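K.L.:
Mind looking over this structure? Questions follow.
The values are calculated or read from the model by the stated rules, or taken from the named source; none is laboratory data. What you see is a predicted model, and the numbers here were worked out from it, not measured in a lab. When we count neighbours, we look across all protein chains shown, and the Cβ atoms used for this are built from the backbone with ideal geometry, even at glycine.
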């Protein structure tokens, strides 16, 4: 019907996704990522040591841009070109896995050549290998992973928090924030209610919304945030909040009273993944860069800077054996290399389907004021 009306369908069939790969004659690629999500040189923030080493080893230069600030915003930026069978002028992008699922469903990204990526095949964290949206992880490879849990100021609160349900305690009224994004917030809240987030139902979702709606009316929740919860927690305006593990590790460097907890009911394990858009002009170069970051030594260098969950468990031994006390301490941090006990409390939430998303987003966004 769309074709009859002269409107191109959004879905791109497999045979229309690849273009002429210029990697052999053009030793370059363009890599779009989030801000502050790669290692930099302390003396020169404009230098990125792991990328510099890749260029020196391979002769491939990388034009690195920090242009992704929001998943939906980036989707809107590149979507028109991808929908219309045009190149995006990007060879490699990083988006959250819930957004990666949308790209894969729409056929907007290409399968990678795993035969040319021995390090990905050999070192990818087993817990991240089989996302429902991308069986075999042929289209998406985790750049970094992370945990959604709860953060709190232990000194200011005067007690410990061990459960998401404790966010609703009376002494936290007006001192709690939740994440504003539907995909970022609801899994942890479902876990607090005892739901299995690997197969949650619409009833689980609406139970959370009913609960949050009541807490908003009672002014228990101070506000809904993006990453700016960091400022609220640092200033003391907020005592406890939903938070990401990597953010809190960085906060603790300035304030050791800030704690991050994987709740006793469970926390959400997620990833932000590398993908190659349709018609990328340097696909082989991009695949080579992806595989490079799965070398344990390179993954360790990146993990030591970004402090999120490393998707390459073998990097832990590299840091432990580095001879540097600070790096060795990172190897023992379960928020970077989760141990068996912590992994037992982590779950990867099932995706929100396209059929569910419109209704769920309408209800959630009305609650959070988006």
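K.L.:
Which residues, counting only those in the stretch 105-121, are in a helix (DSSP H, G or I), touching a residue at least 60 places away in the same chain (Cβ under 8 Å) and surrounded by fewer than 20 Cβ atoms within 10 Å (Cβ to Cβ)?
P.N.:
The answer is 105, 106, 116, 118, 119.
K.L.:
Okay, moving on. State all residues of the stretch 128-156 that are in contact with a strand residue (DSSP E or B) (Cβ under 7 Å, 6 or more places away or on another chain) and closer than 25 Å to residue 194 by Cβ; if no residue qualifies, say none.
P.N.:
Listed by number, the residues that qualify are 128, 145, 146, 147, 148, 149, 150, 151, 152.
K.L.:
Would you tally the residues in the stretch 180-204 being farther than 30 Å from residue 155 by Cβ and out of contact with any helix residue (DSSP H, G or I) (no Cβ under 6 Å at 6 or more places or on another chain)?
P.N.:
Looking only at that region, the number is 7.
K.L.:
A follow-up question, please. Here is a check on your reading of the model: is residue 328 under 19 Å from the mean Cα position of the chain (by Cα) and either modelled with pLDDT of 95 or more or in the same structural domain as residue 195 (by TED's automatic domain parsing) (or both)?
P.N.:
Answer is no for this residue.
K.L.:
Still on this model: How many of the residues in the stretch 73-88 are part of a loop (DSSP other than H, G, I, E, B) and under 26 Å from residue 145 (Cα atoms)?
P.N.:
1
K.L.:
Still on this structure: If you go through the stretch 47-62 one residue at a time, do you hit one that is without any contact (Cβ under 8 Å) to a residue 60 or more places away in the chain and in a strand (DSSP E or B)?
P.N.:
Scanning the stretch 47-62, I find at least one residue that is without any contact (Cβ under 8 Å) to a residue 60 or more places away in the chain and in a strand (DSSP E or B), so the answer is yes.
K.L.:
Restricting attention to the stretch 53-70, which residues are at pLDDT 95 or above and either surrounded by 17 or more Cβ atoms within 10 Å (Cβ to Cβ) or under 24 Å from the mean Cα position of the chain (by Cα) (or both)?
P.N.:
Passing the criteria: 54, 60, 62, 63, 64, 65, 66, 67, 68.
K.L.:
Could you list, in sequence order, all residues of the stretch 340-356 that are part of a helix (DSSP H, G or I), within 26 Å of residue 150 (Cα to Cα) and touching a residue at least 24 places away in the same chain (Cβ under 8 Å)?
P.N.:
Result: 342, 343.
K.L.:
Of 121, 151, which residue is at pLDDT 95 or above, within 21 Å of residue 307 (Cα to Cα) and over 17 Å from the mean Cα position of the chain (by Cα)?
P.N.:
151
K.L.:
Condition (residue is under 16 Å from residue 268 (Cα atoms) and without any contact (Cβ under 8 Å) to a residue 40 or more places away in the chain) applied to the stretch 204-226: is it met by at least one residue?
P.N.:
Yes, some residue in the stretch 204-226 is under 16 Å from residue 268 (Cα atoms) and without any contact (Cβ under 8 Å) to a residue 40 or more places away in the chain.
K.L.:
Moving on to the next point. Under 9 Å between Cβ atoms, which residue pairs at least 6 apart in sequence (or on different chains) link something in the stretch 27-40 that is farther than 28 Å from residue 250 by Cβ with a partner that is assigned to a strand (DSSP E or B)?
P.N.:
Close Cβ pairs (under 9 Å, with a partner that is assigned to a strand (DSSP E or B)) amount to 27/61; 28/61; 28/62; 28/63; 29/61; 29/62; 29/63; 29/92.
K.L.:
If residue 198 satisfies all but one of (1) farther than 23 Å from residue 354 by Cβ; (2) surrounded by fewer than 23 Cβ atoms within 10 Å (Cβ to Cβ); (3) touching a strand residue (DSSP E or B) at 6+ places or on another chain (Cβ under 9 Å), what's the number of the condition it fails?
P.N.:
Going through the list (1) farther than 23 Å from residue 354 by Cβ; (2) surrounded by fewer than 23 Cβ atoms within 10 Å (Cβ to Cβ); (3) touching a strand residue (DSSP E or B) at 6+ places or on another chain (Cβ under 9 Å), residue 198 breaks only (1).
K.L.:
State the number of residues belonging to the stretch 192-203 that are part of a helix (DSSP H, G or I) and without any contact (Cβ under 8 Å) to a residue 40 or more places away in the chain.
P.N.:
Count: 1.
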